[in-house]
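Some notes on the structure that comes next.
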2 protein chains.
Amino acid sequence: MNIGDVAALSGLPAKTIRYYEDVGLVKPLRSTNGYRTFRESDAHKLAFLGRSRALGFSIEDCRNLIALYEDEKRASAEVKDIAEQHLERIDDKIAELKEMRATLVHLVDACAGDHRPDCPILADLATKHRGEEQLKNTAL
Amino acid sequence: MNIGDVAALSGLPAKTIRYYEDVGLVKPLRSTNGYRTFRESDAHKLAFLGRSRALGFSIEDCRNLIALYEDEKRASAEVKDIAEQHLERIDDKIAELKEMRATLVHLVDACAGDHRPDCPILADLATKHRGEEQLKNTAL
DNA sequence: GCTTGACCTTCCAGTTGGTGGAAGCCCTAG
DNA sequence: CTAGGGCTTCCACCAACTGGAAGGTCAAGC
């Protein structure tokens, strides 16, 4: 299979697949004309990568997940560990975004949004909130 | 004021402040020894930037927000517009993360996390989910 | 008067995960 | 034999910094 074929199969852009080879996630063969040649196992791995990335795993996580996937003697605890750490990062990110959201909703609601210059949003941004602490204490 | 002083005042690292100068967000003066000299208004602007960035506004948004802030004849509608667009981006991001989270929680729950190699997480990642559509259809 | 250390300067490189584009082979169909 | 599409490499760029090296400046202490 050429790169276009695996791209179609995996749903990943050819550029991305080349990038994955660059960072060592796939190691396709080369045919005599210099073209990459992908085996079934490579196509499979790329699908795995696509799915893992869609779930937000980092490239490093993907590297580890693939290593575990290929290790018959893995302990599922190792996989679960990676997933749980990722879950924690996601939860942190969601919490952070919700904090921002709460503040923004509050400000947007307070702003008339008309032709006049008076704006509670700008007023808030211009206000000293000591350190960055105020954000951490914002109610969700 | 030297850069260290505004850094302490604004809570921003000196490196970040230099970067903000690079991208034209602040324009401190220079004293004869080459040191940046920040006026009160610069310190104020940096605090504004710190707060805006903490709320997740992009550098480009910040540029526009500061321009509006300094424009006495602004319409608050313009500010509100920027904030609402940002809010929308945040909502999209939260929705995306929640989708990932739901899938991950499901998978983590299903995984024994012991010494055995059997792992529903890997099994899922290795499964073909046609296109990338499956994720968009995942229940929140 | 000299050294030490804190502060300041610039510039270059790296981060994450790709994406865009240019220049140039390769291959097949008409 | 030429046109097209697919493939190759390499280089640059995105956001928003961050780290580090090499070196200038300044105030205090001995």
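The values are calculated or read from the model by the stated rules, or taken from the named source; none is laboratory data. Remember, it's a predicted structure, so these values are computed and weren't measured experimentally. Glycine also receives a Cβ, built like all others from the backbone with ideal geometry; neighbour counts cover every protein chain displayed. Protein only, heavy atoms only, side chains kept; ligands, DNA and RNA dropped before computing areas. Shrake-Rupley method; radii C 1.70, N 1.55, O 1.52, S 1.80 Å.
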Checking B:R74 against (1) in a helix (DSSP H, G or I); (2) of a type outside the set (S, T, Y); (3) within 11 Å of chain A (Cβ to nearest Cβ), only one condition comes out false. Which one? (1)
Residue ID - farthest from the other protein chains (Cβ to nearest Cβ), chosen from residues in the stretch A:59-71 that are among the hydrophobic types (A, V, I, L, M, F, W, C) and within 9 Å of DNA strand C (Cβ to nearest atom): A:I59
Only one of B:I94, B:I90, B:I82, B:I17 is of a type in the set (V, I, T) and in contact with a Gly (Cβ under 9 Å, 6 or more places away or on another chain); which? B:I90
Name the residue, out of B:L135, B:L97, B:L87, B:L122, that is assigned to a helix (DSSP H, G or I), touching a Lys or Arg at 6+ places or on another chain (Cβ under 9 Å), modelled with pLDDT under 95 and at the interface with another protein chain (Cβ under 7 Å from one of its Cβ atoms). B:L135
When the stretch A:84-117 is checked residue by residue, the ones that are surrounded by fewer than 19 Cβ atoms within 10 Å (Cβ to Cβ) and among the acidic types (D, E) are A:E84, A:E88, A:D91, A:D92, A:E96, A:D109, A:D114
Can you pull out the residues in the stretch B:7-22 that are within 13 Å of DNA strand C (Cβ to nearest atom) and either polar (S, T, N, Q) or not in a helix (DSSP H, G or I) (or both)? B:S10, B:L12, B:P13, B:T16
Identify the single condition in (1) at pLDDT 95 or above; (2) facing chain A (nearest Cβ under 8 Å); (3) more than 20 Å from A:K80 (Cβ to Cβ) that B:V105 does not satisfy, given that it satisfies every other one. (3)
Select, from A:L29, A:L46, the only residue that is touching a Ser or Thr at 6+ places or on another chain (Cβ under 7 Å), within 16 Å of DNA strand D (Cβ to nearest atom) and closer than 24 Å to A:A83 by Cβ. A:L46
Every residue in the stretch B:1-14 that is open to solvent by less than 40 Å² (accessible area, probe 1.4 Å) and either within 12 Å of DNA strand D (Cβ to nearest atom) or in contact with a Gly (Cβ under 9 Å, 6 or more places away or on another chain) (or both), please. B:I3, B:A7, B:S10, B:L12, B:A14
Quick check on A:S41: is it without any contact (Cβ under 8 Å) to a residue 12 or more places away in the chain and closer than 30 Å to B:C111 by Cβ? yes
Within the stretch A:33-58, considering residues that are more than 14 Å from DNA strand C (Cβ to nearest atom) and within 13 Å of chain B (Cβ to nearest Cβ), the one least open to solvent (accessible area, probe 1.4 Å): A:A43
